[in-house]
Structure formats: C-alpha cells, structure tokens
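The values are calculated or read from the model by the stated rules, or taken from the named source; none is laboratory data. What you see is a predicted model, and the numbers here were worked out from it, not measured in a lab. Glycine also receives a Cβ, built like all others from the backbone with ideal geometry; neighbour counts cover every protein chain displayed.
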Amino acid sequence: MKAWIKALLILVVVIVAVKVSAYAATGTTHFGFAQESGSMEPNIRAGDLILVQSPQHTNIITYAEGEMHGYKSFGDYGDVIIFHPNGISSATLIMHRAISWMEKGEEMQNGEPAPHEGYITKGDNNPYPDQSGLRIEPVKPEWVTCVARVRIPYLGHLFKGVGGTVIIYAGIYAIILACLMRKNKKW
C-alpha cells in the first residue's frame, strides 16, 4: 500500500480515537473552543483555547451561587458556559459567565419580564448582562452546549475556524507520512 494512503488511514484512526476519547472524558464531541473576542478578559483572552465539559456531566454554578460557596472558575465566581443565543443553533456560540438563574416572569435588568426561565449571562469584560443590551433571552439549559473547564493560552489561534482545523489535520498527516517514509527507507 502506498505511504500516502496508509498515512491518510492512520490520520482517520487518530481523529476517531481523539473524538471518542474526548467524548468519554467530557461527555461532548467538542474538544474545545477558541475564544474569539475580548468579552471575557482578563480571565479568558482572545486566542485562548478553552477545553470543555458537557453540561450533562456537571452542575452549572452561577456567579451568585459561587460567591455564596466560594467556588471560582477562570478567576471569578461561577461557571463559564458556551451557548446558542436564543437557542438559534446556526448563530455563533457565545462563551460567557452564568451570573444568576431567572424564573419566568421575573423582571430582567432591561425592565421586561423574563419570557422563560434560564441563566443570565455576562462577559467578564462587559458592563452589562447579555440579557439587558444584546437582546438575548435568559439561556435555557438545553441551549448550553458546554461548560468551560481549562484555559490554554494562545493555542486557540491554531484552532480558529475550518482553516485552523485543516492546518492541524494537515500537520498531523505530514508527521505520519514522514514517519512512514522514514520507516520505508530503513528497510
């Protein structure tokens, strides 16, 4: 079998193994996310890679609960969640801190009643919660895709978008191919 085909097959096996391992460890096929904006600074910076966990494998702790119990993540109270704004799956995911839980009908910061129960969220670097100025509804639990767990500085630049993924896969492929070519020359 030609080395480039063998390298491609090994790459597929590696990708599947990483995805299965990530799912087993975190409960989600999402390995991590690259933070794209400065909304979470200084605790999470643009370009950081954030490793995540499934919300089904953990309890989301809000800022208010974290403050009461002394629980912090990423330098402040409460968990950072990744969610679809207003439940729109095609919208860009948002990574902000869960500030509090709101029941349906409670008054939000903008004076309107909450249309349903959910999390009030806010970027650490933003002056107001998402639900007051961005026209984002309280975040329903089913809109939360992941809970942020680990920050790796700067590595997110490599993983941004489809181009980043292609670069990573191409690099792994090149390494596998080089190893196979080197092994073939030794024989």
- Message: Could you go through the stretch 41-49 and let me know if any residue there is polar (S, T, N, Q), in a strand (DSSP E or B) and modelled with pLDDT of 95 or more.
- Response: no
- Query: Checking Asp130 against (1) more than 27 Å from Lys19 (Cα to Cα); (2) surrounded by fewer than 22 Cβ atoms within 10 Å (Cβ to Cβ); (3) among the acidic types (Asp, Glu); (4) at pLDDT below 95, which test does it fail?
  - Reply: (2)
- Query: Do we have Ala64 as touching a Phe, Trp or Tyr at 6+ places or on another chain (Cβ under 9 Å), in the same structural domain as Ser37 (by TED's automatic domain parsing) and crowded, with 18+ Cβ neighbours inside 10 Å here?
  - Reply: no
- Query: Restricting attention to the stretch 67-114, and to residues there that are part of a loop (DSSP other than H, G, I, E, B) and buried (at least 18 other Cβ atoms within 10 Å of the Cβ), which single residue is farthest from the chain's Cα centre (by Cα)?
  - Reply: Gly78
